[in-house]
Amino acid sequence: MKLLIKNIKELIQVEKSPKLKVAGREMANLETIKDAYLYIDKGKIAEFGTMADIGQSSVVSQQSSIKKIDAKGKMVFPCWCDSHTHLVYPQSREIEYIDKIKGLSYEEIARRGGGILNSAKKMHETSEDELVESALKRLEEITIYGTGAVEIKSGYGLNFENELKMLRVIRRLKEISPLTIKATFLGAHAIPAEYKKNQSEYVDLIINEMIPMIASDELADYIDVFCDRGFFTVEDTDRILMAGMKYGLRPKIHANELDYSGGIQVGVKYNALSVDHLEFTRDEEIKVLLDSETMPTVLPGAAFFLGMVYAPVRKMIDSGLPVALGSDFNPGSAPSGNMQFILSIGSIAYKMLPEEGINATTINGAYAMGISEELGSIAVGKKANVFITKEIPTYEYMPYAFGSNKVETVILNGKIIKQ
Ligand code: NIG
Ligand code: FE
């Protein structure tokens, strides 16, 4: 389908010479075109420019059958790229959240067999079809808020059969959903109760049985470990990432959410695509990240929901680092995949400027899932995953007006998905 969006009040995040990510001071730059058009052909961005120039466009004028959308008063953004979710899960956990409201910590709930282990128990009783059905509803919901690409982790199976089941579900979602999806194997999400006394045996199972089978069935794009206090140690992580690397699985790991766990260092050692959470980040960790290709990814929904400390994002950006924002959509620490809200918390809690937040939820999120060559900005040749806003006064309104949905029309692969 050929699609022309015209009279766009402001076209956001345009790139003439596309970059894979933006870092430090550059994060405060956001290229836009006022009074613009965007032309989409064969699912890709074919051309864009000012309305004043549209008459000179040979590409647009040669087309006879074009669907046209008048976006007067509205803006067009590239869709959000949410690089960290756990949105395949069997059931919500709002009852356990009451314990949290009453004062129990995330770790105390986990030690009682709640938390991730609670989801794992339910996962074992849930069929692949049921998981696909519930995850599709969540994908539809995040699309309505403007997400066009999403990473999804396993990690509620915690045994051979169920970790593979989760990854097969993600594979089916990739086939059915119009969203761009990446799959991450997170067998090392929590230590199953039966391995509590011999954690290294569970690590052996991940290394010797799960990884080889997942790699041979091409079920995962990336590998993850929850490297933190009370979960997996740096030594466990080292062993798992080394095994993953042998099978071509690049790491994207959970690090430094609960403590200065050494997770950032071990992630960078294995050239992780991203290290995520990062609430406990000092100068030492910032230095390690500055010398790397790893995207520091922060998940403010989890810190907000659990009432934990926030990652020192201002300091990270001011030190020259890139930062990506993800939702962490999961039933325990962040039961929302609304990236508009994540963008708002980015400004409220981390003091990110609107431009920094938009870069963090688009191009840097795309980098953190290995797709910034094809998504994350408005550039010729990139996949046409864009959204048209409702009538809004400025792009700065996007993080400011927290809680309301500012997205009106979502276009994925050049097709209108929601209006
Ligand atoms: O990213 N931190 C570890 N894992 C998830 C929480 C998963 C859960 O509680 O179900 C997170 O916050
Ligand atoms: Fe997570």
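The values are calculated or read from the model by the stated rules, or taken from the named source; none is laboratory data. For clarity, every value in this text was computed on a predicted model and none was experimentally measured. Don't worry about glycine lacking a Cβ; one is built from the backbone with ideal geometry, like all the others, and counts go over all protein chains shown.
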The one condition GLY148 fails out of (1) closer than 25 Å to VAL407 by Cβ; (2) surrounded by fewer than 24 Cβ atoms within 10 Å (Cβ to Cβ) is (2)
Might you check whether a residue that is within 16 Å of ligand 2 (Cβ to nearest atom), more than 22 Å from ALA255 (Cβ to Cβ) and touching a residue at least 60 places away in the same chain (Cβ under 8 Å) occurs anywhere in the stretch 188-204? no
Pairs only if they're at least six apart or on different chains, beta carbon under 6 angstrom, first in the stretch 269-280 and in contact (Cβ under 8 Å) with a residue 40 or more places away in the chain, second within 13 Å of ligand 1 (Cβ to nearest atom) and of a type in the set (Ser, Thr, Tyr); list them, first residue then second. SER274/THR297; ASP276/THR297
Do the conditions hold for LYS182, that is, is it at pLDDT 95 or above, crowded, with 17+ Cβ neighbours inside 10 Å and of a type in the set (Lys, Arg)? yes
Report the residue count in the stretch 87-111 for those that are assigned to a loop (DSSP other than H, G, I, E, B), out of contact with any Pro (no Cβ under 8 Å at 6 or more places or on another chain) and within 26 Å of LEU164 (Cα to Cα). 3
Of the criteria (1) β-branched (Val, Ile, Thr); (2) in a loop (DSSP other than H, G, I, E, B); (3) within 16 Å of ligand 2 (Cβ to nearest atom), which one VAL309 fails: (3)
Only one residue in SER327, SER347, SER336 is in the same structural domain as ILE98 (by TED's automatic domain parsing), more than 27 Å from ILE109 (Cβ to Cβ) and either within 16 Å of ligand 2 (Cβ to nearest atom) or part of a helix (DSSP H, G or I) (or both). Which one? SER347
What pairs can you find where one residue is in the stretch 102-129 and within 11 Å of ligand 1 (Cβ to nearest atom), the other is among the basic types (Lys, Arg), and their Cβ atoms are less than 7 Å apart, with a gap of 6+ or different chains? ILE109/LYS100; ASN118/ARG93; SER119/ARG93
Report yes if ALA135 is of a type in the set (A, V, I, L, M, F, W, C), in the same structural domain as LEU299 (by TED's automatic domain parsing) and without any contact (Cβ under 8 Å) to a residue 40 or more places away in the chain, otherwise no. no
Selected residue [among the hydrophobic types (A, V, I, L, M, F, W, C) and surrounded by fewer than 23 Cβ atoms within 10 Å (Cβ to Cβ)] from VAL323, VAL268, VAL313: VAL268
